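Asker: Dropping a structure here in structure tokens format, bear with me for questions.
The values are calculated or read from the model by the stated rules, or taken from the named source; none is laboratory data. Quick caveat, the model's predicted, so the values are computed rather than measured. Counting neighbours? That spans all protein chains shown, and the Cβs are built from the backbone with ideal geometry, glycine included.
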């Protein structure tokens, strides 16, 4: 099966990423914002709360931030799909895109989240913010690289040795365990007044991650087909007589 044009992959992935970003922003606006507002109310009851931006601006920034988030991941998804398209299981773009999105859901979303769970804004030691961000980035890159290496090993050796897939899976599980144990993570510093809200916030954040990649995986295939038909129509169109 021939590979799809890069422009087609890029358009479909950007569209899917932008759609996922806006829908996840709406999800957080409806589900997570009340938790944040309750946290702010509790902090205000303990003393003055200094906000850099008003809540109205923060809510508007939620949509802009997730749109940028979706477009950024769309670019990465398009590149990964173009490089791995021939190796991804399935015959159709929606199947291949769904497999890649599910792999990304685990490797760059859920697994890093388990090691570095999200905190509400302003919660935690400010002195560890940079180290947490750096650790999260390193952990995410190692997670994605480990999954890619395990997949390649299984793909190359599995055609000749059926047990190679089981061996590749075992190596990947071992790599995940080592990463989880060896990559350091600063201790959380959660105020007792917010102890019951943080688990709710983290559960909602994990739900947002899952929703994002499920939308990307579900939207990529139809958009890929739509842009393929659009390109075919443009190629078939011939200039009329003048």
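Asker: Looking only at segment 185-242, how many residues end up being over 13 Å from residue 119 (Cα atoms), outside any helix (DSSP H, G or I) and either in contact with a strand residue (DSSP E or B) (Cβ under 8 Å, 6 or more places away or on another chain) or modelled with pLDDT of 65 or more (or both)?
Answerer: The number of residues fulfilling the criteria is 1.
Asker: I'm checking my understanding of the structure. Among residues of segment 143-167 that are modelled with pLDDT of 85 or more and over 19 Å from residue 83 (Cβ atoms), which one is surrounded by the most Cβ atoms within 10 Å (Cβ to Cβ)?
Answerer: Once the filter is applied, the top-ranked residue is 167.
Asker: Got a number for residues in segment 172-184 being at pLDDT below 90 and either surrounded by 15 or more Cβ atoms within 10 Å (Cβ to Cβ) or touching a helix residue (DSSP H, G or I) at 6+ places or on another chain (Cβ under 6 Å) (or both)?
Answerer: Going through segment 172-184 one residue at a time, the tally reaches 1.
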